[in-house]
Amino acid sequence: MHEQRLHALRRSMSHASLDGLLVTHLPHVRYLTGFSGSNGLCIITRRSQCFITDTRYRDQAKSEVKHFRIVTSRNSLFEAAAQEPAMARRMRLGFDSKHLSVAGWQSLKKHLRRIALVPTESFVDGLASIKDDSEIASIRRAVRISDEVFSLIIHLLKPGLSELDVAAEIGYLHRKLGAEADAFEPIVASGPRAAWPHARASAKRIRSGEVVILDFGCRVNGYNSDCTRTVAVGRPSVRMRKVHQIVLDAQLRAVDAARGRIAARTLDAVARSYIKKMGYGKFFPHSLGHGLGLEVHEAPRISSLSKDFIQPGNVVTIEPGVYMPGLGGVRIEDAIIIREDDCSVLNRSPKELLML
Ligand code: ZN
Ligand code: ZN
C-alpha cells in the first residue's frame, strides 16, 4: 500500500520536474510512512526515501515505518535532513508551502543551501483524497462509533444539562466504544448559541424548547468521522421546525447529486440554491463540506469558491446549515463515499428532527 503511494507520488514529481519532495505535514507523513508520532518528516527522491524523526521515536519508527530508511537524530529535523547523502548534490526539492512555518522555511534555507527549494501544493493532498479499501474501513468504523454515540446521547439529553456535560459524555463514549480520541472538540450548541456555526460547548444549560446542534467525530487508526445532527429538547418553535426541514431537504438534494466527477462548487450550489430559494440564503454562511480522512478537513473543499473536483473514491462531508442570530440554528452533516454513479452515505443516525 505504501509502495503504491510512493509510486504515484514519484509520477507527480516527475511531471513537475522535481528531483525530490520534502514532506513535513504530519498527516501526510503518516499517509506515506505509517508513522503516527508527533515529530517526523520524510524525503522522497526519484530512487530513495528516508524518514527522519527524533530519538524519542526510535522504537516506534522501527515498528511503524516499513518502506523508508529511518534516521533518528538529536538535532533539528531540517539539520538532520541536510546531512542526508541525497542532499549533497544540486537538486530541485519540492516542499508543501501550505504547511511550512516562516521559521521552518528560514531553517530550511539555512541548512539546504545547495538545493533549489520549490514551493508546491496538493501533491499529497490530491493523492490522499482518493481512499483505498483499508482507509475506507477505518473511516467506516469511526462513523459507526459516532452513530452509536448519537443513539446513546439522545437518551441522555434533557433540560438542565450543560453543553459541557454533553460534550464530556460524547468524548467518554467515543473512547469507551473503541475510538482513539475525539476527531475534534465536540460542538454542543443550544438555543441561541446554535446560531453560531462553530460554537464551543459552554456551561450554558439546555432549556426545554431549544434546538441543540451536536457536531462530533472520533478517530480510528488515525482516520476521522465527522457528523452533525440537530435535535430538539422538548417542542421547538414552528420556525425552527421549518428551518430544520429546509436544511434536511438541502442536504438530501446534495447527497443525491454527489457522484462521479463534478466540480465541487456545482455540488455546493445544489444545496445553496435550494436554501436561497426557500428564503434563507444569507443564513448559510459556510461551505457545504470537505474531504475527510487522516485530517478532519482535507481536500476536496466543497464551497462556492472551490476549484476542486469531486471524484470517485473521495470521502467527503455534506453539511448545509442555517443560522438565525438570536434564535438558533440547524446543521445536518453526513460523510459519504463518492462512486461513479452515486454515493454511499456512511452515517446511519436518523436525520429527521428528533424531539426529545
Ligand atoms: Zn462536523
Ligand atoms: Zn465537517
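The values are calculated or read from the model by the stated rules, or taken from the named source; none is laboratory data. For clarity, every value in this text was computed on a predicted model and none was experimentally measured. FYI the Cβ positions are ideal-geometry reconstructions off the backbone, even for glycines, and counts take in every protein chain you see.
Checking Ser304 against (1) within 16 Å of ligand 1 (Cβ to nearest atom); (2) part of a loop (DSSP other than H, G, I, E, B), only one condition comes out false. Which one? All conditions are met except number (1).
For region 246-262, the set of residues classified as surrounded by fewer than 21 Cβ atoms within 10 Å (Cβ to Cβ), over 15 Å from Val315 (Cα atoms) and touching an Asp or Glu at 6+ places or on another chain (Cβ under 8 Å) consists of Leu248 only. Answer yes or no as to whether Lys158 is over 30 Å from Met278 (Cα atoms) and either buried (at least 24 other Cβ atoms within 10 Å of the Cβ) or more than 13 Å from ligand 1 (Cβ to nearest atom) (or both). Spelling it out, Lys158 is indeed over 30 Å from Met278 (Cα atoms) and either buried (at least 24 other Cβ atoms within 10 Å of the Cβ) or more than 13 Å from ligand 1 (Cβ to nearest atom) (or both). Residues that are of a type in the set (A, V, I, L, M) and assigned to a strand (DSSP E or B) within region 307-337 comprise Ile310, Val315, Val316, Ile318, Val322, Met324, Val330, Ala335, Ile336, Ile337, listed in sequence order.
Mind telling me which of the residues Arg229, Arg193, Arg140 ends up being within 16 Å of Glu333 (Cα to Cα), surrounded by 16 or more Cβ atoms within 10 Å (Cβ to Cβ), at pLDDT 95 or above and more than 16 Å from ligand 2 (Cβ to nearest atom)? It is Arg140.
Of everything listed in (1) of a type outside the set (Ser, Thr, Tyr); (2) within 30 Å of Val23 (Cα to Cα); (3) part of a helix (DSSP H, G or I), the single unmet condition for Leu117 is (3).
I'm trying to understand the selection: among the residues of region 19-36, which are aliphatic (A, V, I, L, M), buried (at least 22 other Cβ atoms within 10 Å of the Cβ) and without any contact (Cβ under 8 Å) to a residue 60 or more places away in the chain?
Hit for region 19-36 is Val29, nothing else.
Can you tell me which residue within region 232-263, out of those that are β-branched (Val, Ile, Thr) and touching a residue at least 12 places away in the same chain (Cβ under 8 Å), is farthest from ligand 2 (Cβ to nearest atom)? Among residues in region 232-263 that are β-branched (Val, Ile, Thr) and touching a residue at least 12 places away in the same chain (Cβ under 8 Å), the one farthest from ligand 2 (Cβ to nearest atom) is Val233. Name the single residue, out of those in region 203-214 being more than 15 Å from Leu353 (Cα to Cα) and surrounded by 15 or more Cβ atoms within 10 Å (Cβ to Cβ), that is farthest from ligand 1 (Cβ to nearest atom). That would be Arg205. For region 295-313, a residue qualifies if it is touching a residue at least 40 places away in the same chain (Cβ under 8 Å), more than 13 Å from the chain's Cα centre (by Cα) and within 16 Å of ligand 2 (Cβ to nearest atom), and the qualifying residues are Ser306, Asp308, Ile310.
Residue count for region 314-329 under the criterion of being surrounded by fewer than 18 Cβ atoms within 10 Å (Cβ to Cβ) and within 15 Å of the chain's Cα centre (by Cα): the result is 0.
Taking region 148-267 as the region of interest, the strands (runs of 3 or more DSSP E) fully inside it that hold 3 or more residues being within 21 Å of the chain's Cα centre (by Cα) and not small (Gly, Ala, Ser) are 210-216, 218-220, 227-233. Ile318 meets each of the listed conditions (1) within 16 Å of ligand 2 (Cβ to nearest atom); (2) touching a strand residue (DSSP E or B) at 6+ places or on another chain (Cβ under 6 Å); (3) over 24 Å from Val231 (Cα atoms) apart from (3). Of all the numbered requirements in (1) within 13 Å of ligand 2 (Cβ to nearest atom); (2) more than 30 Å from Phe309 (Cβ to Cβ), Leu292 misses one, and that requirement is (2).
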